[in-house]
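Taking it in order: structure first as structure tokens, then the write-up.
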Amino acid sequence: MFFEDGMWVSFSFQWGTTENESKSNMLKYIGKWTEKKQVRWGDFWGVYKIVNDTLVVYRYMKGSFWAVWSLYEEKYKIIDKRTIKRVSYSGLLKADHNSCKVLNEDYFYVAADSLPTSDCWLKEEKWIWRNEQDWKNYMEKIKQNKQH
């Protein structure tokens, strides 16, 4: 999913979700997991930019006790308003490996209701923001939401 603020996410629907269910209430059927009693959604998060007829996606995977941070670059050719095709996929850090190289696979946009927000762990990282004040404003918004 590509958000207007430049965020990108890949995600899965809950097992058994039909296409009609996902279109009529996407937010309800997105698979979620819990982290520190907060419900999170989305498998991989990143940012994107459009360069001519290509979507360039940078996908970040947060490091943990047993894994290091990973950064991947994916490129998708824009075919038309509904279709993109993945044309490249590569790890940008030494620890990254290229185990998933499915290329020339078409992806289609599907209209849906009840879209989730782009709020995610990545937006809490100061370095992802172009403007420090925007990051501060976002962190204040999170603080206010937790108080309610």
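For Ser118, the criteria (1) modelled with pLDDT of 90 or more; (2) open to solvent by 80 Å² or more (accessible area, probe 1.4 Å); (3) assigned to a loop (DSSP other than H, G, I, E, B) hold in every case but one, which is (2). Checking each residue in the range 89-111 for being more than 17 Å from the chain's Cα centre (by Cα) and modelled with pLDDT of 80 or more picks out Glu105, Asp106, Ala111.
The values are calculated or read from the model by the stated rules, or taken from the named source; none is laboratory data. Computed from a predicted structure; not experimentally measured. For the accessible areas, the whole protein counts, side chains as well, though only heavy atoms, and no ligand, DNA or RNA atoms are used. Shrake-Rupley method; radii C 1.70, N 1.55, O 1.52, S 1.80 Å.
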